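Just below is one structure, and these are the notes that go with it.
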Amino acid sequence: MSARYDCADTQQRDEGLVAAAAAVQEGQLVVLPTDTVYGVGADAFNSKAVAELLAAKGRGRNMPPPVLVGSVGAAAALAESLGAFGQDLIDEFWPGPLTLVFRSSPTLMWDLGDTMGTVAVRMPLHPIALDLLRRTGPMAVSSANRHSLPAAATADEAQTQLGDAIAVYLDGGPCADNVPSTILDLTGTVPRMLRAGALSVDDLRKVVPVIDLPASGKTEPELSPADRRAAEAIAAANAANAANTGKPDDLADDSAPDD
């Protein structure tokens, strides 16, 4: 039997966060609000719980879930490197609707599915989500819906689709913006957009001048040879600067805010 908490009520919010954190630690699934859509989450380091998350959604291992974090430091610990652009993107857009794909740290003991050695990470701009993540640590979180059905923008929609597969529902009211996060792949030299979402290409180019778009993208062509060379030059310059200052590019800036 699922438990549901109305987070508009202060007492229920506090009780719900305690119950949700305990459920995650016990390997159960929880539903939580984010700044985009509702998510269904599990302990990212509990492979059985992640498998149950995929089963609840009707998805296979070929569609591994992203990981939500409550701090920049947690994200840096999951990635082998933030690369030439990761820290600047994090500083500008986190917390917020930007999912960044990195090469995952080879020391991680987890199984999110067929990730091909990568991890998709985001820090959501939502007080309930951030509070829960700071209690639990990194969580595997996917949109709270059955595969191929619309993403849930309310706790009611999530509960209708996922039912008793979920131990705890945190009801934070309707999501302010039900557009999913933008996904940017940073595993190559040139950042590549994998999914258009709440942040536009123009938004991202304020920080990263050159972005490779999918071949199916209709708004702009793929990267030209000149733009690719420019992106490689930017990446090389950033790497050289990091080397000269002695600051490793795979660590979060100590001055960066964690919320």
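The values are calculated or read from the model by the stated rules, or taken from the named source; none is laboratory data. Since the structure is predicted, the reported quantities are computational estimates derived from the model, not experimental observations. Counting neighbours? That spans all protein chains shown, and the Cβs are built from the backbone with ideal geometry, glycine included.
Here are the numbers:
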read-out: Neighbours by Cβ (under 6 Å, 6+ apart or cross-chain): first from the stretch 105-123, more than 20 Å from ALA49 (Cα to Cα); second among the aromatic types (Phe, Trp, Tyr) and part of a loop (DSSP other than H, G, I, E, B); value: MET123/TRP94
read-out: Evaluation of ALA21 against (1) part of a helix (DSSP H, G or I); (2) within 30 Å of ARG205 (Cα to Cα) (one fails), failing number; value: (2)
read-out: Any hit, the stretch 7-28, residues being modelled with pLDDT of 95 or more, in contact with a Cys (Cβ under 8 Å, 6 or more places away or on another chain) and not hydrophobic (A, V, I, L, M, F, W, C); value: yes
read-out: Residues of the stretch 29-49 classified as surrounded by 19 or more Cβ atoms within 10 Å (Cβ to Cβ), of a type in the set (S, T, N, Q) and farther than 16 Å from CYS175 by Cβ, total; value: 1
read-out: Residues of the stretch 18-28 satisfying the condition of being closer than 25 Å to PRO97 by Cα and surrounded by fewer than 22 Cβ atoms within 10 Å (Cβ to Cβ); value: ALA21
read-out: The stretch 161-178, residues that are surrounded by 16 or more Cβ atoms within 10 Å (Cβ to Cβ) and of a type in the set (A, V, I, L, M); value: LEU162, ALA165, ILE166, ALA167, VAL168, LEU170
read-out: Set LEU112, LEU125, LEU149, LEU132: member being surrounded by 23 or more Cβ atoms within 10 Å (Cβ to Cβ) and in a loop (DSSP other than H, G, I, E, B); value: LEU112
read-out: Residue within the stretch 122-143 that is among the aliphatic types (A, V, I, L, M), closer than 26 Å to THR189 by Cβ and in contact with a helix residue (DSSP H, G or I) (Cβ under 6 Å, 6 or more places away or on another chain) present; value: no
read-out: The stretch 160-196 - residue that is part of a strand (DSSP E or B) and over 19 Å from the mean Cα position of the chain (by Cα) and, of those, farthest from HIS126 (Cα to Cα); value: VAL168
read-out: Every residue from the stretch 132-159 that is more than 21 Å from ARG59 (Cα to Cα) and under 16 Å from the mean Cα position of the chain (by Cα); value: LEU132, LEU133, ARG134, THR136, GLY137
read-out: Close pairs (7 angstrom Cβ cut-off, 6 or more residues apart or separate chains): among the aromatic types (Phe, Trp, Tyr) in the stretch 191-203, modelled with pLDDT of 95 or more and not in a loop (DSSP other than H, G, I, E, B) anywhere; value: none
read-out: Selection status of LEU199, in a loop (DSSP other than H, G, I, E, B), touching a Gly at 6+ places or on another chain (Cβ under 9 Å) and buried (at least 21 other Cβ atoms within 10 Å of the Cβ); value: yes
read-out: Filter result for LEU82 (over 19 Å from PHE45 (Cβ atoms) and either among the hydroxyl-bearing types (Ser, Thr, Tyr) or not in a helix (DSSP H, G or I) (or both)); value: yes
read-out: Subset of the stretch 29-52 [in contact with a helix residue (DSSP H, G or I) (Cβ under 7 Å, 6 or more places away or on another chain) and farther than 17 Å from PRO124 by Cα]; value: LEU29
